[in-house]
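Beneath this line is the structure, given in structure tokens, with notes to follow.
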Amino acid sequence: MNQQALALQNLVKDFDGKRAVDRISFTARKGEILGLLGPNGAGKTTTIRMIMNIIAPDQGTIEILGRPFSNKMKDNIGYLPEERGLYRKMKVMDVLIFLGELKGLAAETIRERGRRLLKQFALDPYEHKKIEELSKGMAQKLQIIATILHQPELLILDEPFSGLDPLNIELVTAILLEKKKEGVSIILSTHLMEYAEKIVDAVVMISQGHKVLDGKLTEIKAQYGNKFIRIEYEGDSAFIAGLDYVRGYKDYGRAMEIELNDLADKNRLLKELSSRISLNAFQLTEPSLQHIFIRKVNEGAPA
Amino acid sequence: MKLIAVIKKEYREIVKKKSFIISTILTPLIMAAFMFLPVMLMKMGKGEKTIQVADYSNFIFAALQQVEKSPHAGKNVLKKQKTDFNRDYLDHDSTGEGSKLKFKKIITAGLSAEDILKHSIASIRKKEIDGFLMIPATIKKDRKLYYYSGNISDFDTNSFIKAAIRTVVSRQILIEKQIDPEIVNEATRDIDFETIKVKKEGTAKSSAGIEYMMSLFMLAILFSILMGYGQLIMRGVLEEKNSRIIEILISSTNTQQIFYGKIIGIGLAGLTQVAIWFLFAMALVGKFSIGLDSGILNFLTLEIGLYFIVFFMLGFFMYAILFSIVGAAVNTDQEAQQFAAPISYLLIIPFIMGIMVTQSPNSSVAVVSSFIPLFTPTLMFMRITVSPPPLLQILSSILLSLVFIAFLAWLGAKIFRVGILMYGKKPSLKEIFRWIRYK
């Protein structure tokens, strides 16, 4: 039994002579959430469009659920594009019926499942409203509903969190975890790494069309070790830059992530800090994905 | 199945539009108004008119009163006149159906002409009378009449009075010269010029004017709905492209099904609309044929109705495909308008030529251009309405159009597939042609 939900081999795509995706390969395991991470313009959406056969790759191969892409498997995939819009003049349930029928569902099934999902997303009062009457966040939730309505085996979501408030991000996160529990494989592209790292099992990081990092989240974090310390403070922290046992740091003003060359220096750091600034918290922590990403990009070495 | 889902959605989207509902209802109303209004206008709104007459000739008023007595006054008089000697006026057939005229004689004795005139004008201003007719004593010699009224543009009344008095005066003169009016009547009788249209089966009386107008009117309907639906389709495609819904659609089905589903769905909506009009027209002709001009009645046959539907559908598919290609190729409304302009010209050309076709439907220019697929829906239809060409010509033009549509659909699906996913700058025509060759 093939355990791969998705396998990309040496994917290349050029736009007007500019290489948007450069030899990207990775695999996603069945039943896991894979985070396709990177800043805006890194090539995430182009990669996903190639996976969805919307644009053809110049080189490389793509296998979905163990087979090359075919029209037949479209009913088995749920796709949420990055830029979103719906028919403004259509009613909520009519949109679901249309998109559901395109996935091969019967109108009755769609009505029944649609009502359940609308309730789950707190959109049930809008069932007979037109799309143009919904707020942006509501429309986005509706699109997520349309994406999972046909109970696909594989979900491909391009920036599912953008435009959502924290409450709705929680809601979407919960739905994704529920889907994962049902055995659905999920590919999730986002530049919001702090949300991604809460739910993803595996990570593929891309920057400027290149893959910079790839692996299981736990393994990646272990590789970077517990050499990170998170502090909350008040005062002038400029002196940190001069400490030779500090490998790097990221200052947020009232909080800071500090990476040490050697964790043994943590007491030295604590002493130094407490003598110069007022500390509110001092905590050993795993590196954030954001931090790892920045490190990787700065190293400039494609993995 | 997925194709049906697209067709259903496109169909419903159009049919539920307010503009669809309004135009479906409004067009037949305009159509009905166009057919009934001339007749109705003549029948309504005029009522009885009272005209005061100062008759200094002393023989005319008595004749006028005879006219007034009969209920269809004007008509009867004119019928009589038809065999009389009023050639230049006779074809004005509607006089009597307009207002009923009531003539009232003023006693002129003992009053000055100025006083009578002053008094009468005052009465007109107060709307006590509708008009004042001054018949001078010298009418036989001068042949001059004076008519005062608040409404001097009532053509029917004016010409009726003029004709009636002219008849009376002429008759009087003949009698005075001892000539039997019947001899003159016989000698100067008008020639009845009747136009008869030769149809495939039998003949039908019809007036050329109405046929010409109806033909242009149907062309105008054809033109405006082809234009309207074309724009609608273009906007729809552009919306899907700009909102990126197209990506969701493509992740569910392929572009061919989206493209064909869209055109078939909107086509069915158009057919629904035309079918409603068709049924309406048939009902109208069947039920109210009494009130209709016989020319219109002869024009609006079942055959013409069916041809209208056939040529509407042909035209619809051609222009729907062209406009959907534009929608898929461009990125903004402005670009869409730029690209749509040449297609609109394609529609306007036969509209202009249509006027020529109604006048000389069998000229070689008309015949040849009616076989050019993009013009067939309008020009061949025009030819059929004015002077039906041989059936073989009609069928071959339909066949030619169908082949052209098949080709256009194949081409359109290819351009659509690439264009709908191309964002960014406006494509050049060269680029669009390159899309056709994409595998």
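The values are calculated or read from the model by the stated rules, or taken from the named source; none is laboratory data. Bear in mind the structure is a predicted one, so any value in this text is a computation, not a measurement. Cβ placement follows ideal geometry from the backbone for every residue including glycine, while neighbour counts extend to all protein chains displayed. Ligands, DNA and RNA are stripped out before the accessible areas are found, and what is left, the full protein with its side chains, is counted by its heavy atoms. Shrake-Rupley method; radii C 1.70, N 1.55, O 1.52, S 1.80 Å.
Right, B:Lys127: within 42 Å of the chain's Cα centre (by Cα), in a loop (DSSP other than H, G, I, E, B) and at pLDDT 75 or above or not? Working first, answer last.
Details: within 42 Å of the chain's Cα centre (by Cα): yes; in a loop (DSSP other than H, G, I, E, B): yes; at pLDDT 75 or above: yes.
So B:Lys127 fits the description; yes.
Among the residues of region B:133-143, at least one is of a type in the set (Lys, Arg) and open to solvent by 100 Å² or more (accessible area, probe 1.4 Å).
Take A:Lys221 and decide whether it is modelled with pLDDT of 90 or more and not aromatic (Phe, Trp, Tyr). If you could, list the steps in order and put the result at the bottom.
Details: modelled with pLDDT of 90 or more: no; not aromatic (Phe, Trp, Tyr): yes.
Answer is no for this residue.
Tallying residues that are at pLDDT below 65 and among the polar types (S, T, N, Q) within region B:177-217 yields 3.
A quick yes/no check of all residues on (1) over 25 Å from the mean Cα position of the chain (by Cα); (2) at pLDDT below 90; (3) small (Gly, Ala, Ser); (4) within 22 Å of B:Val15 (Cα to Cα):
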{"residue": "A:Ile51", "(1), (2), (3), (4)": "no, no, no, no"}
{"residue": "A:Ala56", "(1), (2), (3), (4)": "no, yes, yes, no"}
{"residue": "A:Phe69", "(1), (2), (3), (4)": "no, yes, no, no"}
{"residue": "A:Lys74", "(1), (2), (3), (4)": "no, yes, no, no"}
{"residue": "A:Val92", "(1), (2), (3), (4)": "yes, no, no, yes"}
{"residue": "A:Ile97", "(1), (2), (3), (4)": "yes, no, no, yes"}
{"residue": "A:Glu101", "(1), (2), (3), (4)": "yes, no, no, yes"}
{"residue": "A:Asp124", "(1), (2), (3), (4)": "yes, no, no, no"}
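A:Lys180 versus (1) more than 16 Å from A:Ile33 (Cα to Cα); (2) open to solvent by 10 Å² or more (accessible area, probe 1.4 Å); (3) part of a helix (DSSP H, G or I); (4) touching an Asp or Glu at 6+ places or on another chain (Cβ under 9 Å): which is the lone unmet condition? The single condition A:Lys180 does not satisfy is (1).
Residues that are modelled with pLDDT under 90 and open to solvent by less than 60 Å² (accessible area, probe 1.4 Å) were ranked within region A:25-42; the one that is farthest from A:Glu194 (Cα to Cα) is A:Ala42.
Take B:Glu247 and decide whether it is surrounded by fewer than 23 Cβ atoms within 10 Å (Cβ to Cβ) and either at the interface with another protein chain (Cβ under 9 Å from one of its Cβ atoms) or not in a helix (DSSP H, G or I) (or both). The answer is no for B:Glu247.
Residues that are under 25 Å from A:Ile169 (Cα atoms), within 11 Å of chain B (Cβ to nearest Cβ) and free of Cβ contacts under 8 Å to residues at least 40 places away in the same chain are absent from region A:119-130. Could you go through region A:74-91 and let me know if any residue there is more than 10 Å from every other protein chain (Cβ to nearest Cβ) and surrounded by 16 or more Cβ atoms within 10 Å (Cβ to Cβ). Checking region A:74-91: not a single residue is more than 10 Å from every other protein chain (Cβ to nearest Cβ) and surrounded by 16 or more Cβ atoms within 10 Å (Cβ to Cβ).
Do the conditions hold for B:Glu128, that is, is it open to solvent by 70 Å² or more (accessible area, probe 1.4 Å), in contact with a Lys or Arg (Cβ under 9 Å, 6 or more places away or on another chain) and not basic (Lys, Arg)? Don't jump to the end; show me each part of the working.
Details: open to solvent by 70 Å² or more (accessible area, probe 1.4 Å): yes; in contact with a Lys or Arg (Cβ under 9 Å, 6 or more places away or on another chain): no; not basic (Lys, Arg): yes.
It is false that B:Glu128 is open to solvent by 70 Å² or more (accessible area, probe 1.4 Å), in contact with a Lys or Arg (Cβ under 9 Å, 6 or more places away or on another chain) and not basic (Lys, Arg).
Of the strands (runs of 3 or more DSSP E) lying entirely inside region A:1-75, those containing at least 3 residues that are in contact with a Gly (Cβ under 9 Å, 6 or more places away or on another chain) and more than 26 Å from A:Thr218 (Cβ to Cβ) are A:4-15, A:18-29.
When you go through B:Leu408, B:Leu392, B:Leu374 one by one, which is the residue that is free of Cβ contacts under 8 Å to residues at least 24 places away in the same chain and within 29 Å of B:Gly305 (Cβ to Cβ)? Lay out the reasoning, then the answer.
On the way: B:Leu408 fails: free of Cβ contacts under 8 Å to residues at least 24 places away in the same chain; B:Leu374 fails: free of Cβ contacts under 8 Å to residues at least 24 places away in the same chain.
Matching residue, one of B:Leu408, B:Leu392, B:Leu374: B:Leu392.
Do you know which of the residues in region B:4-14 that are open to solvent by less than 80 Å² (accessible area, probe 1.4 Å) and facing another protein chain (nearest Cβ under 10 Å) is nearest to B:Gln257 (Cα to Cα)? The qualifying residue nearest to B:Gln257 (Cα to Cα) is B:Val6.
Whether a residue is more than 17 Å from A:Thr45 (Cα to Cα), β-branched (Val, Ile, Thr) and more than 13 Å from every other protein chain (Cβ to nearest Cβ) was assessed, and A:Ile145 does not pass this test.
State all residues of region B:383-399 that are closer than 14 Å to B:Ile355 by Cα and β-branched (Val, Ile, Thr); if no residue qualifies, say none.
First, pick out the residues of region B:383-399 that are closer than 14 Å to B:Ile355 by Cα: B:383-387.
If the condition is that a residue be closer than 14 Å to B:Ile355 by Cα and β-branched (Val, Ile, Thr), then B:Ile384, B:Thr385, B:Val386 are the ones that fit.
For region B:15-24, which residues satisfy the criterion of being surrounded by 14 or more Cβ atoms within 10 Å (Cβ to Cβ) and within 11 Å of another protein chain (Cβ to nearest Cβ)?
Here is the first cut: in region B:15-24, the ones surrounded by 14 or more Cβ atoms within 10 Å (Cβ to Cβ) are B:15-17, B:20, B:23-24.
B:Lys16, B:Lys17, listed by residue number.
For every residue, the table says whether it meets (1) away from chain A (no Cβ under 14 Å); (2) at pLDDT 85 or above; (3) open to solvent by less than 10 Å² (accessible area, probe 1.4 Å).
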residue	(1), (2), (3)
B:Leu219	yes, no, yes
B:Gln231	yes, yes, no
B:Arg235	no, yes, no
B:Thr272	yes, yes, no
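Does A:Asn53 count as within 13 Å of chain B (Cβ to nearest Cβ), in contact with a Leu (Cβ under 7 Å, 6 or more places away or on another chain) and either open to solvent by less than 10 Å² (accessible area, probe 1.4 Å) or of a type in the set (S, T, N, Q) (or both)? Taking the combined requirement at face value, the residue does not satisfy it.
Table: residues versus (1) open to solvent by less than 60 Å² (accessible area, probe 1.4 Å); (2) among the β-branched types (Val, Ile, Thr).
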{"site": "B:Val357", "(1), (2)": "yes, yes"}
{"site": "B:Val367", "(1), (2)": "yes, yes"}
{"site": "B:Leu379", "(1), (2)": "yes, no"}
{"site": "B:Val403", "(1), (2)": "no, yes"}
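Would region A:56-63 turn up any residue that is under 30 Å from A:Asp124 (Cα atoms), open to solvent by 10 Å² or more (accessible area, probe 1.4 Å), small (Gly, Ala, Ser) and at the interface with chain B (Cβ under 10 Å from one of its Cβ atoms)? Within region A:56-63, not a single residue is under 30 Å from A:Asp124 (Cα atoms), open to solvent by 10 Å² or more (accessible area, probe 1.4 Å), small (Gly, Ala, Ser) and at the interface with chain B (Cβ under 10 Å from one of its Cβ atoms). Could you say whether any residue in region B:284-292 is modelled with pLDDT of 85 or more and surrounded by 15 or more Cβ atoms within 10 Å (Cβ to Cβ)? Checking region B:284-292: not a single residue is modelled with pLDDT of 85 or more and surrounded by 15 or more Cβ atoms within 10 Å (Cβ to Cβ). Number of residues in region A:111-150 that are outside any helix (DSSP H, G or I) and surrounded by 15 or more Cβ atoms within 10 Å (Cβ to Cβ): the value is 7. Taken as a whole, the structure leaves A:Glu108 outside the set of residues that are touching an Asp or Glu at 6+ places or on another chain (Cβ under 6 Å) and either outside the structural domain of A:Ser162 (by TED's automatic domain parsing) or open to solvent by 40 Å² or more (accessible area, probe 1.4 Å) (or both).
Out of the residues in region B:417-433 that are in a helix (DSSP H, G or I) and more than 14 Å from chain A (Cβ to nearest Cβ), state the one that is surrounded by the fewest Cβ atoms within 10 Å (Cβ to Cβ).
First, the residues of region B:417-433 that are in a helix (DSSP H, G or I): B:417-419, B:429-433.
Among the residues that remain, those that are also more than 14 Å from chain A (Cβ to nearest Cβ) are: B:429-430, B:432-433.
Values: B:Leu429: 9, B:Lys430: 7, B:Ile432: 18, B:Phe433: 12.
In this case the residue turns out to be B:Lys430.
With respect to (1) closer than 17 Å to B:Ile245 by Cβ; (2) within 11 Å of another protein chain (Cβ to nearest Cβ), the lone exception for A:Lys136 is condition (2).
Region A:193-303 holds strands (runs of 3 or more DSSP E) entirely within its bounds, and those carrying 2 or more residues that are crowded, with 17+ Cβ neighbours inside 10 Å map to A:202-207, A:210-216, A:228-234, A:246-251, A:255-260.
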